[in-house]
Each structure stands twice: as structure tokens, then as C-alpha cells.
Amino acid sequence: MDGPRLELKYPCEWEYRVIGADEAQLRAAIEGVLGDRPAKVTPGRSSTGGKWVTLVVALEVASEEDRLQLYEALRGHEAVKIVL
């Protein structure tokens with residue numbers, strides 16, 4: 001990727017938008033990835049027809065590695081369609 005690189009000071013608060021077809025399965029996926037880690041999970045936007053739901057996950061990440069590992073773990077879960 002070209003352009004400026006994101007410069008963050010860690011630890012910092014970070015949000016993921018996790019999108020999938022079933023809210024209960026998304027919540028289970030998030031819990032499975034985060035374990036006992038404290039996080040705030042709130043509903044985001046849903047598609048007009050209700051086919052897709054979004055959950056916003058807010059938590060503290062310790063480092064860029066930590067942030068990217070969480071992203072990859074969420075993205076790799078079968079219940080998750082997209083992570084933003």
C-alpha cells in the first residue's frame with residue numbers, strides 16, 4: 001500500500017466492526033477470539049433486509065502485532081463475513 005502509514009501510540013483504544021449473518025454467532029465468535037479480554041460489544045448498523053448485522057467491538061490493544069492478530073483471528077472465524 002502506498003501513502004502514509006498509520007501512526008498509533010500503544011496501548012490504545014481500537015474498534016473493529018464485525019459483520020456477519022447471525023448476531024448470536026458473531027457474539028460467540030468475538031467471545032471465542034477475545035477470551036477474558038475486556039471489550040465493549042455494541043450493535044452497529046444492519047442491512048435493510050436484515051441479511052447482515054454489524055457488531056462494534058471496542059477494546060484496548062497493546063501493540064500493532066496485537067491489533068493485527070485480533071483482526072486476523074476475527075476475520076478467520078466462519079461466522080464472520082467482514083472485519084473493518
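Reported value for the chain: 106 Å³ per residue, from the convex hull of its C-alpha atoms. Cross-link partners for LYS51 among the lysines, with Cα-Cα distance under 18 Å and sequence neighbours closer than 8 places in the same chain left out: LYS81.
Only four residue types carry charge here, +1 at the Cβ of Lys and Arg and -1 at the Cβ of Asp and Glu. Report the dipole size of the chain about the Cα centre in Debye, rounded to the nearest 20. Can you show the working numbers first?
Working: 11 positive and 14 negative charges, 72 e Å.
About 340 debye.
Net length available on complete extension from THR48 to GLU13 is 9.6 nm, with 0.36 nm assigned per residue and the Cα-Cα distance removed. When the Cα positions of TYR16, SER47, VAL61 are compared along the charge dipole of the chain, SER47 comes out farthest toward the positive end, with charges on each C-beta of Lys, Arg, Asp and Glu. Extending 7 Å from the Cα toward the beta-carbon at both GLU78 and ALA28 defines two label points whose distance is 1.0 nm.
Is it possible to state the helix-based mean residue ellipticity at 222 nm for the chain, with each DSSP H run of 4+ residues giving -39500 (n - 2.57), the sum divided by total residues, to the nearest 500 deg cm²/dmol? What is it? Working shown, then result.
Working: 2 runs with 24 residues, N = 84.
Mean residue ellipticity at 222 nm (helix-derived): -9000 deg cm²/dmol.
The numbers here are math on the coordinates, done by the rules we state, and not lab data. All values derive from a computational prediction rather than experimental measurement. With ideal geometry, Cβ positions are generated from the backbone for all residues, glycine too; neighbour counts draw on all protein chains shown.
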